[in-house]
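The values are calculated or read from the model by the stated rules, or taken from the named source; none is laboratory data. None of these values were measured; they are calculated from a predicted model. Please note: Cβ atoms are built from the backbone with ideal geometry, for glycine as well, and neighbour counts cover all protein chains shown. Areas reflect the complete protein model, heavy atoms only, side chains present, ligands, DNA and RNA absent. Shrake-Rupley method; radii C 1.70, N 1.55, O 1.52, S 1.80 Å.
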Amino acid sequence: MRSTSNPAFRNLPTQQQGGYATFDRSGGGMMGGGAAMAGSQSSYVDPTQATQDTGRPITVDDVVQKTAISGGLALVAGFLTAMSGLYILALPAFVVGLVVSLIVIFKQKPSAPLTLTYSIAMGVALGGITGPINQLYPGIAFQALIGTAGVFFGMLVVYKTGAVRVTPRFTKWMMGALIGVVVLMLANLVASFFMEGGFGLRDGGPLAILFSVVVIGVAAFSLLLDFDAADNAVKAGVPAKYSWYIAFGLMTTLVWLYIEILRLLSYLRQD
């Protein structure tokens, strides 16, 4: 399995199985043929033990269902938080989401309760942030949601059609871009303590708009790595329970993407 910028997917095991649906972009499409054995940075799972634990390997339907459930809970939690005006819950919810995400990543085991807890916590956090911004710029929340959904499905089409192929070289390029973006964010944050606006990457000006576009681009292309990791997991026939792990990984990228799109829209709506 190729490396990915999303730390959650690095813990997916490998196991050879066959005859299950994949995201395969050639020949069989969604119902690809035999599974492929993929190299992984994580530990090997005993097929006998995997069968005892799950009864079957993972399928595309598992990934879709678990991701839909996680995303749906996040949407409901965000909507209720924004409508209730309990914006004060944003910070503690973010803390809960961060703690849960670290547990999921370092525990290295899939967990439905933890994945759903993360989704609800981040939904509350995003609702607490979006509510005030939507009051200031009416309609921006809906625009951000549509934008996030559009990018997600657009990148899924790009992946399935093979318009952009996830190769080792592409993965290395994406890792470099991700590290660069994070370093710039941290540098701007530190600089803001000593001078107003820092380096101007988050002040709403032209440079901030350009930077947000770049960050959204990096987040969008990170989805290709996530899709590829999920695809390889299905092809390798990892235990079905890992669909919750994949759903968690996709949710982390979607949360990041939504925040950046919301930020960009707020810049564009400023007078």
Any lysines whose Cα falls less than 20 Å from that of Lys107, other than same-chain ones fewer than 8 residues away, would be Lys66, Lys241
In Å and on Cα atoms, what radius of gyration and Dmax does the stretch 112-271 show?
17.1, 53
Can you bin the stretch 98-150 into rounded, prolate or oblate? Criterion: square roots of the alpha carbon gyration tensor eigenvalues sorted a ≥ b ≥ c, rounded for a/c under 1.5, prolate for a/b above b/c, oblate for the rest.
prolate
Just grab the label-to-label distance for Met185 and Val95, each label 7 Å out from Cα along the Cβ direction, in nm (one decimal).
2.0 nm
With every protein chain present, what is the per residue accessible area of the stretch 195-271 (1.4 Å probe, Å²)?
32 Å²
Taking a ≥ b ≥ c as the square roots of the Cα gyration tensor eigenvalues, with a/c under 1.5 meaning rounded and otherwise prolate when a/b beats b/c or oblate if not, the stretch 219-271 comes out prolate
Surface per residue (accessible, 1.4 Å probe) for the stretch 62-106, Å²
58 Å²
Check each of the trypsin sites (Lys or Arg not before Pro) in the stretch 84-191 and keep only those in coil by DSSP with at most 16 other C-beta atoms within 10 angstrom; list them in order.
Arg165
Run the 1.4 Å probe and let me know the accessible area of Trp256, rounded to the nearest 10 Å².
60 Å²
Given a Förster distance of 35 Å, report the FRET efficiency between Lys160 and Phe194 from their Cβ-Cβ distance, rounded to the nearest 0.05.
0.15
Counting only protein heavy atoms, what percent of the accessible surface of the stretch 133-271 is carbon or sulfur at a 1.4 Å probe?
73 percent
Taking square-rooted eigenvalues a ≥ b ≥ c of the alpha carbon gyration tensor, is the stretch 72-124 rounded, prolate or oblate, where a/c under 1.5 means rounded and, failing that, a/b exceeding b/c means prolate?
oblate
Show me, for the stretch 196-204, the HN-Hα J-couplings you get by feeding each phi into the Karplus relation (A = 6.51, B = -1.76, C = 1.60, θ = phi - 60°), rounded to Hz, glycine and proline as x.
4, x, x, 8, x, 7, 9, 9, x
If you bin the C-alpha pair distances of the stretch 105-193 every 10 Å from 0, what whole percents do you get?
13, 20, 42, 24, 1
